[in-house]
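Below: the structure, in structure tokens.
We did not get these values from a lab; they are worked out from the coordinates using the rules stated. Computed from a predicted model, the values in this text were never measured in an experiment. All Cβ positions, glycine included, derive from the backbone under ideal geometry; neighbour counts span all protein chains shown.
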Amino acid sequence: MNVLFFGPNGSGKGTQGAIIKEKYGVPHIETGAIFRENISKGTELGNKAKVSIDKGELVPDDVTIPMVLDRLKEADCASGWLLDGFPRNLNQAVKLNEALAKEGIRVDVLIEIILEREIAKKRIMGRRLCVNDNNHPNNVNIEAIKPDGDKCRICGGELRKRDDDQDETAIDQRHGIYYDYKSGTRAAIKYFKDLSKRNGIPAVVEVDGRGSVEEVTKELMEKLGNLSLK
Ligand code: AMP
């Protein structure tokens, strides 16, 4: 099963991605995470990527596209993959589709978490990290998971903010790329949805990102369960 997974920063994509990975038992390939790992190891790829990432810009396509295509050729991808964070612009979508077609590989499912830009931004800025457990969700802007004062609502632990979650300019920059219908991520999504309109491949699953983590997971699982794949 080959899956493309889309959703703006702040839509809960990371959490849902981990659940989909479990469901299909495929590697979860996150371009942002690959870059971060390379940056922390100080590799040449990491050094190239860091300049763009620090500015909230996309890493150039001539670095990103070969990196992803090489990753998809690795042995663990032989029976499927979940690609998250790629393609992020129209050019990446076209190049991915061309490269896959050459190998006779297809995208089976496109998943999109739909969330308005302002809501996504509010969520990011309200996010608080529990020092005891990353999986203790706290958000000062979401009633259902509001912290207990300034402490974790689950364990009472200290809460911290992620630096990049508070940088409004960087958030706007990232969302600017995502919600760009002409050549950004929305254009990449449309490219694959247009392919789907022709023959139903890939199958398209859209979920409403406004609900709680559990509600989004429920809708996602129901819709994935109902798919009859071609
Ligand atoms: P993410 O963790 O998905 O928010 O990605 C973090 C950063 O990595 C992004 O802001 C980009 O600078 C870079 N990045 C991730 N995926 C891509 C991609 N497909 N193309 C170019 N840059 C990317």
Fill in the blank from the handout: Once the dipole of the chain is set up from charges on Cβ (+1 Lys and Arg, -1 Asp and Glu), the residue from the list 43, 63, 129 lying farthest towards its positive end is 63
Handout entry: Dipole magnitude (debye, nearest 20) for region 1-109, charges at Cβ of Lys, Arg, Asp, Glu
Key = 140 debye
Problem - Reach of residue 95 by Cα under 19 Å, taken over aspartates and glutamates that are not fewer than 8 positions away in the same chain - result: 30, 61, 62, 70, 74, 84, 103, 108, 180, 194
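Viscosity 1.567 mPa s, temperature 4 °C: give me the Stokes-Einstein translational D for the chain in µm²/s, with Rh taken as the Kirkwood radius over C-alpha pairs.
D = 70 µm²/s.
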Practice task
Using label points projected 7 Å from each Cα along Cα→Cβ, tell me how many nm separate residue 135 and residue 160, to one decimal.
Solution key: 2.0 nm
Practice task
Pull up the DSSP beta bridges for the chain and report the antiparallel fraction as a percent, rounded to 5.
Solution key: 25 percent
Handout entry: Disulfide-incompatible cysteines by the Cβ rule (no partner under 4.7 Å) in the chain
Key = 77, 155
Problem - Volume per residue that the Cα convex hull of region 89-183 spans, once the total is divided by residue count, Å³ - result: 145 Å³
Exercise for the section: Report, by chain and number, residues whose modeled amide H sits under 5 Å from the one on residue 204, excluding near sequence neighbours (fewer than 5 apart, same chain). Expected result: 110
Exercise for the section: Pop out the ³J(HN,Hα) list for region 190-197 in order, Karplus 6.51 cos²θ - 1.76 cosθ + 1.60 with θ = phi - 60°, rounded to Hz; leave Gly and Pro as x. Expected result: 4, 4, 6, 5, 5, 4, 4, 4
Completion exercise
Toy charge model, Lys and Arg Cβ at +1, Asp and Glu Cβ at -1: the chain dipole around Cα centroid in debye, rounded to 20, equals 340 debye
Practice task
Could you work out the relative contact order of region 61-202, using alpha carbon pairs under 8 angstrom and six or more residues apart, expressed as a whole percent?
Solution key: 26 percent
Problem - Net +/- balance of residues flanking residue 80 in space, Cβ distance below 15 Å, scoring K and R +1, D and E -1 - result: -1
Completion exercise
Going through 122/146; 50/122; 102/193; 13/190; 48/193 one by one, the pairs whose alpha carbons sit over 22 Å apart turn out to be 50/122; 48/193
